[in-house]
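One structure is given here, and the rest of the page talks about it.
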Amino acid sequence: MLINLVNLLSNMKTRSKIPQQNSTLLSLIIVSVLVSFPVTRSDDGSNGEYLIGVGSFDMTGPAAGVNMMGYASMDQNTAGVHFRLRARTFIVAESSQGPRFAFVNLDAGMASQLVNIKVLDKLKSRFGNLYTEDNVAISGIHTHAGPGGYLQYLVYTVTSLGFVQQSFDAIVNAIVQSIVLAHHNLKPGSIFINQGDVVNAGINRSPSAYLLNPAEERARYPKDVDTLMTLLKFVDGGSGKSIGAFSWFATHGTSMSKDNKLISGDNKGAAARFFEDWFTTTNTSTGATISSPPDSSVAAALIKKAENIKATGGKPCSKTTSRKFKVRKNDGSLFVGAFCQSNVGDVTPNVLGAFCTDSGKPCDFTHSSCHGNNQLCLGRGPGYPDEIQSTKIIGERQFLTAADLFTSATEQLTGKIDFRHVYLDFTNIEVDLEGNKKVKTCPAGLGPGFAAGTTDGPGVFGFQQGDQKINSTWRRLRDSLKKPSQYQVNCQQPKAVLLSTGEMFVPYAWAPAIVPIQMLRLGKLIILSVPGEFTTMAGRRLREAVKETLISNSNGEFDEDTRIVIAGLTNTYSQYIATFEEYAQQRYEAASTLYGPHTLSAYIQEFNKLAKAMAKGDKDLPKGPLPPDLSSVQIRVGDPTGDSPPPGTKFGDIKEDVSLPKSGSFQKGDRPTATFWSANPRYDLLTEGTYAVVEMLQGKHWVPVYDDDDFSLFFKWNVDTSSLYGTATIEWEIPTDTNSGVYRLRHFGSAKETKDSPNTYFTGASSGFAVS
């Protein structure tokens, strides 16, 4: 065991996919190695408490020319990949015929009602009624760096100029495939739960609104954000080996700014990549060791060897060739680590605070503006001004907490699996308040604070968070689209209705009216699937109310040890849910609380009904009205129409080869770059493949060591401004623990001569270069 430990630690140093955390990470590795050895069955139960299975599948969508979902910026269109997006699933069942549910975590901005509808159709055709709307939860991590155009309501496809079928299909396919993998991986096993605080991975971006909540309520909490992470660890009952981990923690996927155009899972996607690579590395011993910096003679030999390796030129290949060059090949047995979203509404990862770009001073506290200008107020991440570094740091903070919780988890979950799900028409729910007062929710509506945006991504000039009036110009423009009814104006107060999306149906519905709510039970863990972004205090109130209802309506089955987690942005998307007090200020989160000032009260009331039914074992709940399927009426974005390389060249040929430094070899931290003539990556998403590879010469063979799912490798697609032909640029930021040797950059792609012609596939590699 000691020899294995030494080998594992040595191997760990060779893998740059793991963020370097010195002694902190080293201690985690040691603990994880020790707990990775098979345990006796007395530790995990004789046969495992449940049937458990995990699965993961590539959901990276179109990497060129598709508007990103999140910031609602028409200028933010995909132009490459930083690292790939994935759907990650766990399934848990009491037995092969007993109750079960599937939870899917998406590297996407949010869930989509239409995605859910089509996923459930595909699952029904494959599994019958085993997986339905009742027991399948699909939750988004809220990255703002994924392709959009996959939601069915018009307000969410305005900036993408319509529905993007390719984006939609990539997500649906990945969800289905991840569920299929998890289903086929079901085996007896145990689930452990652990909780702990994540330090400095989120601050409140609307603290002035938070302060409007009652002082006695705020006094019960140490911070104005929730810092608690809840983690589940899945352990194979046969081997005692861990197969996956899913965690919930609230922080926005906005470490990458609205200027970014590379597909990215943002900080939660980064945390998942770090966690999965960390686990794989600490549980796989290759005996490899990091090489010492070469002496001058060895370095000279590397340079000379690299000089003899020329660019390959473009070569034909097959559709599946790039999969063979993947560093992580998905055979269904991969460890799955997911970082799920929670009550994220007012939580930003830009933890240094918001500052004015013109003066460097803090922004106005109430309105988050600078001299009345909302566009000058921007949040700063911990790596400011480097958004990639900020993404890495916030991802690492979540990853390190999860790794600690994972290695120290000892509390085993036992007990029933259960679920409840209903659809609700949220535009007209009667809510019972204290004192026999009855109020109602409203048709969906957005206020001017919505147009102002946030400190993560400012919106339209001329608006500020907290605005409760609309000037005459915007009022006329609004009325030309749809003048809100007087009922809506009264219902939404004190929100001034900038867009009455719940009353807009041309050319089809602008906003959801019918939304799902869902409760999943795993022993004494309750997961609340909410279709939006609850603010910190709104989430706290919901959790507390549900817990109290469960305890008071059960015969000791639920108690103070019952844990409640919120899974945000799940099953559909209906924007924000602020508290009644926060709603009064009409900052961005309140202005985006669609269904009026009593939205949170309605959610608490309806979730309490589910909780009561679950506590009493009542399964006969009315399902509610079904949401519409608007796929047939979508305005659709067209596909690219065909590409060709410049005359006398082939796709995959080098346009600009790696430019060597004066020393002749690259050092750690340098960024070798090569540009290839290439076609639009939308012709084939290369699912479970890669557009970019770093190859290392080992003996006489080239071995892939990094691909476009690595944090250090960047694939960028562009149209050459002088020739108007497509190019693919591959940049590799050489990690600090990279082995000395000879490397080259390789590109994969697909092309069509015309829209209707068949795909062709190509590859090409740069000249060799030395790293010393």
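A few notes on this one:
- Listed candidates (1) 1.34; (2) 0.95; (3) 1.04 - label of the one calculated as Cα Rg over 2.2 N^0.38 Å: (2)
- Helix 2-13 vs. the chain, principal-axis angle (Cα, 0 to 90°, nearest 10): 90 degrees
- Cα shape, the stretch 430-492, gyration tensor, a/c 1.5 rule: oblate
- Excluding same-chain neighbours fewer than eight residues apart, the lysines reachable from LYS623 by a Cα-Cα span under 20 Å are LYS118, LYS124, LYS609, LYS612.
- Unpaired Cys in the chain, meaning no second Cys C-beta under 4.7 Å: CYS317, CYS340.
- Cross-link reach list, aspartates and glutamates versus LYS482, counting only Cα pairs under 12 Å and skipping chain neighbours closer than eight places: GLU503
- For the stretch 430-492, the Cβ-based charge dipole about the Cα centre amounts to some 380 debye (Lys, Arg positive; Asp, Glu negative; other atoms uncharged).
- Cα centroid of the stretch 594-641 to Cα centroid of the stretch 703-763, whole Å: 42 Å
- Shape analysis of the stretch 134-224 places it in the oblate category; the axes a ≥ b ≥ c from the Cα gyration tensor give an a/c of at least 1.5, with a/b not above b/c.
- Net charge over other residues, Cβ less than 10 angstrom from the Cβ of GLY146 (K, R count +1; D, E count -1): -2
- Placing unit charges on each Cβ (+1 for Lys and Arg, -1 for Asp and Glu) gives the chain a dipole about its Cα centre, and among PRO147, GLY642, PRO597 the Cα reaching farthest toward its positive end belongs to GLY642.
- Gyration tensor (alpha-carbon) shape descriptor, the stretch 650-762, a/c threshold 1.5: prolate
- The magnitude of the dipole of the chain, with charges of +1 and -1 set on the Cβ of Lys/Arg and Asp/Glu and taken from the Cα centre, is near 1000 debye.
- Spin-label pair VAL489/THR754, simplified geometry with 7 Å Cα→Cβ offset, distance in nm: 5.7 nm
- Taking every alpha-carbon pair under 8 Å whose residues sit at least 6 apart, the stretch 513-665 reaches a relative contact order of 24 percent.
- Counting only heavy atoms of the protein chains and using a 1.4 Å probe, VAL298 has close to 70 Å² of accessible surface.
- Short-range pairs are left out: with C-alpha atoms under 8 Å and at least six residues apart, the relative contact order of the stretch 639-771 is 34 percent.
- Farthest toward positive dipole pole in the chain [+1 Lys/Arg, -1 Asp/Glu at C-beta], among SER160, TYR221, HIS252: SER160
- At most 12 other Cβ within 10 Å, DSSP loop - GluC sites (Glu not before Pro), the stretch 527-576: GLU560
- DSSP bridge orientation in the stretch 639-771 - percent antiparallel, rounded to nearest 5: 95 percent
- Working note: Karplus 6.51/-1.76/1.60 with θ = phi - 60° gives the stretch 355-366 the couplings 9, 6, 6, 8, 10, x, 8, x, 6, 3, 5, 7 Hz, where Gly and Pro are set to x.
- Loop-located chymotrypsin sites (Phe, Trp or Tyr not before Pro) across the stretch 396-487 with a Cβ neighbour count of 15 or fewer within 10 Å are PHE461, with loop assigned by DSSP.
- Charge dipole magnitude, Cβ of K and R +1, D and E -1 - the stretch 584-678, Cα centre, debye nearest 20: 400 debye
- Among CYS317, PHE192, ILE730 the positive-end extreme of the charge dipole of the chain (Cβ point charges): CYS317
- Long pairs among LYS310/LYS700; LYS319/LYS700; LYS304/LYS700, criterion Cα-Cα beyond 19 Å: LYS319/LYS700
- Angle in degrees between helix 165-184 and the longest Cα principal axis of the chain, rounded to the nearest 10: 90 degrees
- Once the Cα-Cα distance is subtracted from the 0.36 nm per residue extended length, the ASN471 to ASN129 segment shows a gain of 117.8 nm.
- Per residue, the average separation of C-alpha pairs within less than 8 Å and at least 6 apart gives the stretch 60-203 a relative contact order of 29 percent.
- C-alpha center-to-center spacing [the stretch 535-588, the stretch 388-439] in angstrom: 8 Å
- The chain - share of DSSP beta bridges that are antiparallel (%, nearest 5): 85 percent
The values are calculated or read from the model by the stated rules, or taken from the named source; none is laboratory data. Just so it is clear, the model here is predicted, and its values are computed rather than measured. In this analysis, Cβ positions are derived from the backbone assuming ideal geometry, glycine residues included, and neighbour counts consider all displayed protein chains. The area values use the complete protein model at the heavy-atom level, side chains included, leaving out ligands, DNA and RNA. Shrake-Rupley method; radii C 1.70, N 1.55, O 1.52, S 1.80 Å.
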